[in-house]
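Working notes for the structure below.
What follows is calculated from the coordinates using simple rules that are stated; it is not laboratory data. Every value quoted in this text rests on a predicted model; they were computed, and no experiment measured them. Neighbour counts are summed over all protein chains in view; Cβ atoms, including those assigned to glycine, are modelled from backbone coordinates with ideal geometry.
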Amino acid sequence: MTLTTELVDWTHEQRCRKAVAALERNGFTALYCATSQEAFDYICAEAADAATVGFGGSMSVVDLKVADRLGAMGKELLIHGAPGLSPAERVAVMRRQLTCDLFLSGTNALTLGGWLVNIDATGNRVGSMFFGPKKVIVVAGRNKLVEGGVQEAMARIKEWASPPNARRLSYKTPCATTGVCSDCNAPDRICRITTVIDRRPRLTDLRVVVVNENLGL
Ligand code: SF4
């Protein structure tokens, strides 16, 4: 590791720890992880009692490569994007995610004040984040941290999350071609539901793992 890398990581660590402290003040259980391996180990330990594990479709969770391990642990994986599912089967999986034992998600943005900000198209991901599952673990890579409030979080999402996600999913939106949000009204528009979780939802064991690596979009 070069000195530059070391210092960049250290600077990110201070920001991650600031977010963790703010999340804790807001009632969440929050954890700093220096590496994605630490986040991986934490999730596997927290999944010990879970029979069903739901996946919201987050690239951050995909980046952790945790699904295979959880499957090997005998967990039933609720992945609506699994190949071979019919549209009706996909929706059925999404409904089951809402009442799973453990739900895993990323977040589109995490403010340094400890707020989770997300934009969703269907709502299964954001809905499962705040009510239904027995336990929710949100994984936030350092690239998701935002200085400021909801407006700055939305700006991050519109610049770094929605356009590449639209492209990843082959949606016919202007941003999937240009990389820039034009606040479209396309039938494929993925920006349909905006949520701000600013305190731990009172009936949900919502944990946030802040990782000092870039994860997801
Ligand atoms: S509003 Fe439309 S153009 Fe803007 S990011 Fe969302 S899908 Fe893309």
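Some observations on this one:
- GNM flexibility winner over the chain from Cys184, Cys44, Cys16 (Cα, springs under 10 Å): Cys184
- Between the beta carbons of Thr177 and Lys65, assuming R0 = 30 Å, the FRET efficiency works out to 0.50 to the nearest 0.05.
- When the stretch 56-161 is described by a simple charge dipole with +1 on each Lys and Arg Cβ and -1 on each Asp and Glu Cβ, the residue from Val62, Thr99, Trp160 located farthest towards its positive end is Thr99.
- For Ala30, residues with placed amide H under 5 Å, excluding near neighbours: Val208
- Förster radius 35 Å - calculated FRET efficiency between Ala186 and Thr99 (Cβ-Cβ, nearest 0.05): 0.65
- Antiparallel %, DSSP beta bridges [both residues in the chain], to 5: 20
- A simple charge model with +1 on the Cβ of Lys and Arg, -1 on the Cβ of Asp and Glu and nothing else charged puts the dipole of the stretch 1-66 at about 260 debye relative to its Cα centre.
- The fewest-to-most ranking of Met154, Met73 by surrounding Cβ atoms within 10 Å reads Met73, Met154.
- Around Ala155: net Lys/Arg minus Asp/Glu count, Cβ-Cβ under 15 Å: -1
- Overall form of the stretch 88-217 per C-alpha gyration tensor (a/c, 1.5; a/b vs b/c): oblate
- Under a model in which nothing but the beta-carbon of Lys, Arg (+1) and Asp, Glu (-1) is charged, the chain shows a dipole of about 580 debye around its Cα centre.
- Mean Cα-pair separation over length for the chain, i.e. relative contact order, pairs under 8 Å, 6 or more apart, %: 29
- At least 20 Å along the helix axis (C-alpha) and Kyte average at least 1.6, DSSP helices within the chain: none
- Amide H contacts of Ser58: Gly106, each under 5 Å away and 5 or more positions distant or on a separate chain (H built 1.01 Å from N in the peptide plane; Pro and chain starts excluded).
- Centroid-to-centroid separation of the stretch 1-61 and the stretch 133-161 [C-alpha atoms, Å]: 13
- With a cut-off of 9 Å between beta carbons, the residues surrounding Cys191 carry a summed charge of +1, where Lys and Arg count +1 and Asp and Glu -1.
- Of the residues Met1, Met59, the one with the fewest other Cβ atoms within 10 Å heads the list, and the complete ranking is Met1, Met59.
- Chain lengthening between Val196 and Thr4 when straightened (0.36 nm per residue, less Cα-Cα): 65.6 nm
- Among Val93, Val126, Val117: highest mean-square fluctuation, GNM of the chain, C-alpha pairs under 10 Å: Val93
- Candidates Asn108, Asn185, Asn124: whichever shows maximal mean-square fluctuation once the chain is modelled as a Gaussian network with Cα springs under 10 Å: Asn185
- For the stretch 20-91, the relative contact order is 26 percent, taking Cα pairs closer than 8 Å that sit 6 or more residues apart in sequence and dividing their mean separation by the residue count.
- For the stretch 111-119, 3J(HN,Hα) per residue [Karplus equation, 6.51 cos²θ - 1.76 cosθ + 1.60, θ = phi - 60°, Hz, x = Gly/Pro]: 7, 5, x, x, 10, 9, 10, 9, 10
- Close amide-amide hydrogen proximity is noted between Val146 and Leu110, Thr111, Leu112, each under 5 Å apart and 5 or more residues distant or on a separate chain (H modeled in the peptide plane; Pro and chain starts excluded).
- Length-normalised contact order of the stretch 101-153 in % [C-alpha pairs under 8 Å, at least 6 apart]: 51
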